[in-house]
1. Can you find a residue that is modelled with pLDDT of 95 or more, of a type outside the set (S, T, N, Q) and touching a Cys at 6+ places or on another chain (Cβ under 8 Å) anywhere in segment 125-145?
2. Taking the condition of being in contact with a Lys or Arg (Cβ under 9 Å, 6 or more places away or on another chain), open to solvent by 40 Å² or more (accessible area, probe 1.4 Å) and outside any loop (DSSP other than H, G, I, E, B), how many residues in segment 4-36 meet it?
3. How many residues does segment 206-220 contain that are open to solvent by 90 Å² or more (accessible area, probe 1.4 Å) and in contact (Cβ under 8 Å) with a residue 24 or more places away in the chain?
4. Note down all Cβ pairs under 7 Å where the first residue falls in segment 7-36 and is touching a residue at least 40 places away in the same chain (Cβ under 8 Å), the second is surrounded by fewer than 17 Cβ atoms within 10 Å (Cβ to Cβ) and among the basic types (K, R), and they're at least six residues apart or on different chains.
5. Against the condition open to solvent by 10 Å² or more (accessible area, probe 1.4 Å) and touching an Asp or Glu at 6+ places or on another chain (Cβ under 6 Å), how does R357 come out, does it pass?
6. Out of the residues in segment 272-285 meeting the condition of being over 22 Å from the mean Cα position of the chain (by Cα), touching a residue at least 12 places away in the same chain (Cβ under 8 Å) and in a loop (DSSP other than H, G, I, E, B), tell me which one is surrounded by the most Cβ atoms within 10 Å (Cβ to Cβ).
7. Tell me yes or no: at least one residue of segment 171-190 is surrounded by 14 or more Cβ atoms within 10 Å (Cβ to Cβ) and either under 20 Å from the mean Cα position of the chain (by Cα) or over 27 Å from A78 (Cα atoms) (or both).
8. Pick from P340, P389, P350: which is touching a Ser or Thr at 6+ places or on another chain (Cβ under 6 Å) and more than 29 Å from P318 (Cβ to Cβ)?
Amino acid sequence: MTKPLGFIERHGLWTDDQKRQAEELKRRVEKENLHLVRVAWADPHGASRAKAVTIPAFIAALETGYNINPATSTLDSANARTFASFTGGGGFGLDEMTGSPNLTLVPDPSTFRVLPWAPGIGWVLGDEYFNSGVPFHFSPRQLLRRQLKRLADKGIDCRVGLEIEWYLLRIAQDHLTDANAGIPGVRGQPIRTSPAEPGFSYHSESNMDLMQPVLSALAEAFGKLGLPLRSIENEWGPGQVECTFAARSALEAADDAVLFRTATRQICRRMGHFATFMARPALTSYYSSGWHLHQSLVDARSGQNLFMPEQERDCLSPLGRNFVGGLLRHAAAGSAFATPTVNGYRRYRPNSLAPDRATWCYDHRGVMIRVLGAPGDPATRIENRIGEPAANPYLYIASQIVAGLDGIDNKLDPGPQIDEPYSSDRPMLPKSLMEALAALEQDPLFRHQLGAVFVDYFLKLKRNEAGRFQQWLADAGLKAGDEPTDWEQREYFDFF
C-alpha cells in the first residue's frame, strides 16, 4: 500500500531546497544526540513562542507538521484575551477560527540551529497553516513572505541589516516572588535590577569592560548560531548596548532578529543578568533605545544594488528616491508596525537621535530616513530610524516594502533633503500608539496589501493594549507625561 502523503507534501509547502534540508536534518538531530527541539514561531508582537518536542515527534513534524493552539494570536502584550474564541467566528468573524481550532506548524528546516547555551536542545522556526493548507491569516512571517513575492515578481530582492539597541542589567533579587506573578491582562511587578555600568560615557572602553563577560558569551553564541554579528557597542544609557549585523536577505534578517532577541535574553538570564528590548525603561536616567533598519533593493539576477546612484551629485538612484518617497508618504501609518508599543513613542522627541517627523537626508542622524552611499558604492542603502527594539521584525520589514513599493509604483518624490529636521515644516510622526493606529486605519494602502482581515485584527489587538494604558491613567487620576510610567514598566520590561 502506498504511504499517504504527509501534510507538507500534500499541500506543496516546501521548496526543493527545504526538502533536501529536511532529509539532512533527520540525520543530524540523531547524530548530534539532541533530546528536544524547540519548534518556535513569532507571535503578533514578534515574541518567540515555542513547543519543545522529542526527536521522534520532530522527525514526524518534518512530514506532517505539528499541531499548535492559535491562542498566542489572540492575546495582547499582557496576555489579555482580546478575541472571543469560543463564539461563532472566534471573535474574528471567520468560520475557520470558531472554537480556537488547531493550526499546523510547519518547521522551516533552513532555520534549524542547536542552541549553544542549552545542551541537547535544537531550535527551528515554523510557519502556521490552517489544516486545509491555507496560510494562517495572522502569521507575521507569512505576511512578510507575501510582500517579498511582490518584489520577486519584479526581479528584485530586499537586503536588510539590523542595528538594534537594548539594555543589559544585573538582576538584583535572588528569586521571583508572588509580586512578580501576574494575571491575564495585568502583569506582575518587573524583576528588580541594577545598572551593569554607570552609563553616559559614549563608547567608553572601561565601562564596556564591566559588561565584557556577558558580551563575550553573547558574541560566542551568536557565532555558533550563524548570526552575522559585526559589532557590540557600549551606547549612551547605563548598560545600553547596540548590536549590528551584516546585511542579508529580508526573511533571513527577520528570522535573525527573533533569534537574536531570544538568545540574548536567555543567555543573559542564565548569567545573572537581564536583557530588555523595551524602548524606554522606567528606570533612573535611562535613555531611549531604537532599532535602525538598514535596507536596500538589489537585482535578483545580478545582485546589483538598485539604490546606488549613477550621478556624482546624487546619493540615491531614482528608484531609491521613489522608495523613500513611499516611506515618507506612509510614515504615520507605518509607525504602527515600526513602533507598536505605548512606550516606544517616547523616542520621538527633538534632538534625541530619533525622528519626530517624516524627513530624509544624506548621512543625518536626526531624520527619519538617513541615506548612506554614493556612486559606485555597492553598500548604498537607506536607514529608517523610526523603529523601536521591540518591533515585530516581520511586520516592520513588511511595512517598509509595502510603503516603498507604493513609492516606486507611483514614482513618489521624497521632496528636498532636510538638514534641520526638528524645525522643518514636514508631517509630524504620531505622538502615541493610538494616533499611529488611527493613521493606519485611515491609510488604504496597508489594508489593500496586508489584507483587511489582518489590519482589522491588528488594530483591535493593539487598541486593546493602548486602551488598557488609558484606563490605567484614568484610574490613577494621571495624564500621560514625558516619562515612562509604572504601567509601561510592568507591561514591557520583561515581555520584550
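1. Checked segment 125-145: no residue is modelled with pLDDT of 95 or more, of a type outside the set (S, T, N, Q) and touching a Cys at 6+ places or on another chain (Cβ under 8 Å).
2. 1
3. Summing the residues that are open to solvent by 90 Å² or more (accessible area, probe 1.4 Å) and in contact (Cβ under 8 Å) with a residue 24 or more places away in the chain in segment 206-220 gives 1.
4. Qualifying pairs under 7 Å: none.
5. It is false that R357 is open to solvent by 10 Å² or more (accessible area, probe 1.4 Å) and touching an Asp or Glu at 6+ places or on another chain (Cβ under 6 Å).
6. L283
7. No, every residue in segment 171-190 fails to be surrounded by 14 or more Cβ atoms within 10 Å (Cβ to Cβ) and either under 20 Å from the mean Cα position of the chain (by Cα) or over 27 Å from A78 (Cα atoms) (or both).
8. On inspection, the qualifying residue turns out to be P389.
The values are calculated or read from the model by the stated rules, or taken from the named source; none is laboratory data. Computed from a predicted structure; not experimentally measured. Using ideal geometry, Cβ is built from the backbone for each residue, glycine included, and neighbour counts are taken over all protein chains shown. Just so you know, the surface numbers come from the protein's heavy atoms only, side chains and all, with ligands and any DNA or RNA stripped out. Shrake-Rupley method; radii C 1.70, N 1.55, O 1.52, S 1.80 Å.
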